[in-house]
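Encoded as structure tokens, the structure appears first; notes follow it.
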Amino acid sequence: ESDAAIDVLARKVQESLVLGKTHKFWETQPVGQFKDIGNASLAEGPIEQPAPLSEVKQEPYNLPNLYEWITCDIDSEETCMEVYNLLTNNYVEDDENMFRFNYSKEFLRWALRPPGYFKSWHIGVCVKSSKKLVAFITGVPARIRVRDDIVTMAEINFLCVHKKLRSKRLAPVMIKEVTRRVHLENIWQAAYTAGVVLPTPISTCQYWHRSLNPKKLIDVGFSRLGARMTMSRTIKLYKLPDSTVTPGFRQMELHDVPAVTRLLRNYLSQFAVAVDLDENDVEHWLLPTENVVDSYLVESPETHEITDFCSFYTLPSTILGNQNYSTLKAAYSYYNVSTKTPLLQLMNDALIVAKRKDYDVFNALDVMQNETFLKELKFGPGDGKLHYYLYNYRLRNPLKPSELGLVLL
Ligand SMILES: CCCCCCCCCCCCCC(=O)SCCNC(=O)CCNC(=O)[C@H](O)C(C)(C)COP(=O)(O)OP(=O)(O)OC[C@H]1O[C@@H](n2cnc3c(N)ncnc32)[C@H](O)[C@@H]1OP(=O)(O)O
Ligand SMILES: CNCCCN(C)c1ncc(F)c(N2CC(C(=O)NCc3cnc4ccccn34)C2)n1
């Protein structure tokens, strides 16, 4: 009966997922195609085999005449500022254009320079005459396990075309160019997320939001006053204690890297798709960095064993068109592991810390075991869906969010 269930799902997906829409670019790419959904005869795994490096296109793809490629040296303050400004004015907005992500410069330097990164994968397009940056796309290397397969992939992110250059088919050229540069490093798969539906999601996740500063969230239109609720009742509903409750709860430090790595690797082994982090990766991605990533752990006061871990990253949003506020301070749940402290209590301590650090909202996807705490900790479902994708790697069936152990920035 599971096949029948899959058939039903496949039909529902084909009907609901804007199947009518053609994808002139994506239909040419080695990704799961909508027409193949439910086709059990297609094997899981790479769709195309690696090519010899001599066969990879050696020169960059052609751009429209006025534009040229530029490799963005994120170490340079000036270049980092140009990237920051492009994204601040032209990156992802919500459907009602009330908010736009405002990734900070220190966040971008963190996100784009993990162990083993390639400068050549930080790709910009600029106007030949003025050198103005008008488009951007990035990749960083990551080891990602898909079931029992550990695959070195490129994590693609920060695809952005200036608002004035939209709908000119520039995005496919950006994607082909980053693909070419990834192929030159003998890497043949990629992972990416997007708020839009493309061929073909391996999983579709739901955002949940936990109000920390409900008055501001209602004032800026992020949330609405509940029916039969007053503002003072709403403030009381979301109130949190001033201090955390778990004994031994403290910030992660450098000397904790080996123990946190062991804890995380063991925890992530249960998911069908998960990041494969070694100690170098943990040191980069999870050591606290002011205004970028916060991580806490529980060290047992008796045994000094590290038993639990939680982390969140900082991604503010520009508030477009509100008189009183210009920035929404948001924390995004990152990786969390509980082996002794109940996950509910651990995450409540994370909320307490985020509130104390003046965040307005704490966001979480329903990935990993997050759905076990979302409702109880007063998260509300958001309107944003996040679709997960693999490039040149087929999964026979989509995954439930709870089968995903991967959070992209
Ligand atoms: C082996 C290594 C592989 C490496 C690469 C792996 C793949 C990586 C893929 C990228 C992962 C990015 C991860 C993130 O960063 S997700 C965040 C994406 N950025 C934004 O949403 C910022 C605001 N929006 C923009 O800057 C533009 O609208 C963008 C640049 C998004 C599209 O520009 P524009 O609006 O001017 O359109 P066009 O005329 O140039 O091109 C239209 C074509 O582009 C397809 N499109 C639209 N949006 C996306 C999207 N988010 N991912 C993939 N494809 C997308 C669209 O379906 C159509 O193709 P088709 O439907 O006709 O086929
Ligand atoms: C390519 N990297 C994927 C992750 C980027 N991330 C964090 C993201 N991708 C799509 C989303 F749908 C999303 N959501 C967080 C939820 C949310 O907070 N929605 C209200 C809101 C506040 N500010 C903004 C800015 C843009 C869009 C919605 N916004 C929805 N997050």
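Checking each residue in segment 188-225 for being under 22 Å from residue 145 (Cα atoms) and out of contact with any strand residue (DSSP E or B) (no Cβ under 8 Å at 6 or more places or on another chain) picks out 188, 199.
Screening 55, 48, 93, 82 for residues that are in contact (Cβ under 8 Å) with a residue 60 or more places away in the chain, out of contact with any helix residue (DSSP H, G or I) (no Cβ under 8 Å at 6 or more places or on another chain) and open to solvent by 50 Å² or more (accessible area, probe 1.4 Å) leaves exactly one candidate, 48.
Condition check for residue 249 on (1) crowded, with 16+ Cβ neighbours inside 10 Å; (2) within 16 Å of ligand 1 (Cβ to nearest atom); (3) farther than 25 Å from residue 321 by Cβ: one failure, at (2). Checking each residue in segment 131-160 for being near ligand 1 (Cβ under 8 Å from one of its atoms) and either open to solvent by 20 Å² or more (accessible area, probe 1.4 Å) or modelled with pLDDT under 95 (or both) picks out 156, 157, 159. Counting only residues that are free of Cβ contacts under 8 Å to residues at least 60 places away in the same chain and open to solvent by 10 Å² or more (accessible area, probe 1.4 Å), segment 285-306 holds 11 of them. Note on segment 116-130: among residues that are touching a residue at least 40 places away in the same chain (Cβ under 8 Å) and open to solvent by 50 Å² or more (accessible area, probe 1.4 Å), the one that is nearest to ligand 2 (Cβ to nearest atom) is 118.
Within segment 170-220, if we keep just the residues that are open to solvent by 30 Å² or more (accessible area, probe 1.4 Å) and within 11 Å of ligand 2 (Cβ to nearest atom), the residue that is farthest from residue 361 (Cα to Cα) turns out to be 196. Being more than 16 Å from ligand 2 (Cβ to nearest atom), aliphatic (A, V, I, L, M) and closer than 30 Å to residue 276 by Cα holds for only one residue in 146, 92, and it is 146.
Summed over segment 378-393, residues that are more than 16 Å from ligand 1 (Cβ to nearest atom) and open to solvent by 20 Å² or more (accessible area, probe 1.4 Å) total 3.
Just wondering, is there one or more residues in segment 391-406 that are under 26 Å from residue 217 (Cα atoms) and within 14 Å of ligand 2 (Cβ to nearest atom)? The answer is no, given that none of the residues of segment 391-406 is under 26 Å from residue 217 (Cα atoms) and within 14 Å of ligand 2 (Cβ to nearest atom).
Table: residues versus (1) hydroxyl-bearing (Ser, Thr, Tyr); (2) touching a strand residue (DSSP E or B) at 6+ places or on another chain (Cβ under 7 Å).
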site: 286; (1), (2): no, yes
site: 289; (1), (2): yes, no
site: 293; (1), (2): no, yes
site: 307; (1), (2): yes, yes
site: 315; (1), (2): no, yes
site: 318; (1), (2): yes, yes
site: 323; (1), (2): no, no
site: 330; (1), (2): no, yes
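Based on this model, can you work out whether residue 108 counts as surrounded by 12 or more Cβ atoms within 10 Å (Cβ to Cβ), touching a residue at least 24 places away in the same chain (Cβ under 8 Å) and either hydrophobic (A, V, I, L, M, F, W, C) or within 16 Å of ligand 2 (Cβ to nearest atom) (or both)? Taking the combined requirement at face value, the residue satisfies it. Scanning segment 65-102 for residues that are in contact with a strand residue (DSSP E or B) (Cβ under 8 Å, 6 or more places away or on another chain), part of a loop (DSSP other than H, G, I, E, B) and within 14 Å of ligand 1 (Cβ to nearest atom) turns up 91, 92, 94, 95, 102.
Yes/no per residue for (1) in a helix (DSSP H, G or I); (2) open to solvent by less than 40 Å² (accessible area, probe 1.4 Å):
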| site | (1), (2) |
| --- | --- |
| 341 | no, yes |
| 353 | yes, yes |
| 364 | no, yes |
| 368 | no, yes |
| 376 | no, no |
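The values are calculated or read from the model by the stated rules, or taken from the named source; none is laboratory data. Only a predicted model underlies this, so the values are computations on that prediction, with no experimental measurement involved. Every residue, glycine among them, receives a Cβ derived from its backbone with ideal geometry; neighbour counts consider all protein chains shown. The area values use the complete protein model at the heavy-atom level, side chains included, leaving out ligands, DNA and RNA. Shrake-Rupley method; radii C 1.70, N 1.55, O 1.52, S 1.80 Å.
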